Amino acid sequence: MHFDLADLNLFIHVAEASSLTGGAKQAHLSTAAASTRIKSFEGQLGSRLFYRGSHGVELTPAGENLLKHARAIMRQVEYLKSDFSDYGRSETGHIRIFANTTAVTEFMPEVLANFLGSRPGITIDLKERLTKDIFRGVLDGAADFGVTSGEIKMKGLEVMPFSMDRLVVVVPIGHPLTGTKDLAFKDTLIYPHVGLHEGSTLLEFLKKEVSEVGETLPLRIQVFGFEPACRMIEAGVGIGILPESSALRYQTTMRLNIVELKDVWAKRERSVVVREFESLPESSKNLIHEIRSYHSYKE
């Protein structure tokens, strides 16, 4: 069997675009040339990699399996280039990160601003993903590492905890829940909620918890971000379940009260997850160190 890195790179582009034309464009090839290369690649492997339809292409089971290996191979090639670029200095490279809503909106912007400010040769791709997609992305090589919170049961990952946070109920001044002790999440469901946008990790987590108690989340409005959520809560639109770190920050400028939840899951451990820390390039290792150090002096 013989194939080159260009074949793998083209295959990844087509798979991620779900389109031969889109993948060819990313690989700087004509559609015809890309089609020829993919067919030749399938012939060498003795397996069909894509189902072709009027709306694009879809991976076959063999293609799904190959994508995991192809991503891992290409990431190792990128790591190799990064480590040997400028004699292995940590000031160059491209880092891909999958993170949950809290990380993307709360602390990663400040961490990345500090990190990138002194490293002009580094580029970063930060994407918000659901927890399960963070794990899968790291395992499949779509991300160098992930930033998440809560219990981690996925095998094959190295987990590096770095701080604690708590989910709390945020209510407007004068709300009936103000000052409540031993409040359970299910007891908040009689009030309208202000929730985050569809696809946010926090919203998906709360929907899961609600379904387990046989209820539905009474969403009155959904917004993008914790600050808009707090503004809605302050205005009396509803109550919200937010990270305590965010609630405390916005409480300094808004008329809000914070009520603790007694649910065990409300206290969450934040972690960086990687497939294999020692195989990461120095730039990624240094960024992970920055994330963990940031929280050690912030808390």
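Being among the β-branched types (Val, Ile, Thr), under 21 Å from the mean Cα position of the chain (by Cα) and either under 17 Å from residue 261 (Cα atoms) or assigned to a loop (DSSP other than H, G, I, E, B) (or both) is a property that does not hold for residue 190. Inspection of region 245-264 identifies no residue that is of a type in the set (Gly, Ala, Ser) and at pLDDT 95 or above.
Of the residues making up region 114-171, those that are closer than 16 Å to residue 93 by Cα and among the hydrophobic types (A, V, I, L, M, F, W, C) are 115, 116, 122, 124, 126, 142, 143, 145. Taken over region 89-130, residues that are on the phi > 0 side of the Ramachandran plot and within 19 Å of the chain's Cα centre (by Cα) amount to 0.
The values are calculated or read from the model by the stated rules, or taken from the named source; none is laboratory data. None of these values were measured; they are calculated from a predicted model.
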